[in-house]
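**Q** If you scroll down you'll find the structure; I have some questions about it.
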Amino acid sequence: MRRLVLTLPLVLAVTAPALADDPEVTITLKDHQFTPSEVPVPPGTKVKVTVKNEQPTTAEFESRVLHFEKIVTAGGQVAVFVGPLNPGSYEFYDDFHHDTRGHLVVK
């Protein structure tokens, strides 16, 4: 047990920096538009996607192909993790306003 207690901090010190290296992207939702609407992300990597809703109305950030849906309250933000992804284009949208769409572009 003593050995586990002594090695656990070392394991956490080695793995914590690796977790912090995940790429992050931020998408803003304003006037029923995603900015940017084409979001480049690297292939084969887990990516944190943060959506900031700068609208006075609630939105639903959703992607069927990426298997997520999150409610984003007016003035709020949410984060989802996607990937690792293969090269291609992955659509996301506001399910409350179907014309509001964007893509994660993996290349």
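The values are calculated or read from the model by the stated rules, or taken from the named source; none is laboratory data. Predicted model only: the values in this text are computed from it and were never measured. FYI the Cβ positions are ideal-geometry reconstructions off the backbone, even for glycines, and counts take in every protein chain you see. SASA here: full protein model, heavy atoms, side chains in, ligands and nucleic acids out. Shrake-Rupley method; radii C 1.70, N 1.55, O 1.52, S 1.80 Å.
**Q** From the list VAL106, VAL39, VAL65, VAL78, which residue is loosely packed, with under 15 Cβ neighbours inside 10 Å and at pLDDT 95 or above?
**A** Testing whether each residue is loosely packed, with under 15 Cβ neighbours inside 10 Å and at pLDDT 95 or above leaves just VAL65.
**Q** Restricting the search to the range 43-62, which residues are within 16 Å of ILE27 (Cα to Cα) and open to solvent by 10 Å² or more (accessible area, probe 1.4 Å)?
**A** Answer for the range 43-62, where residues must be within 16 Å of ILE27 (Cα to Cα) and open to solvent by 10 Å² or more (accessible area, probe 1.4 Å): LYS48, THR50, LYS52, GLU54, GLN55, THR58, GLU60, GLU62.
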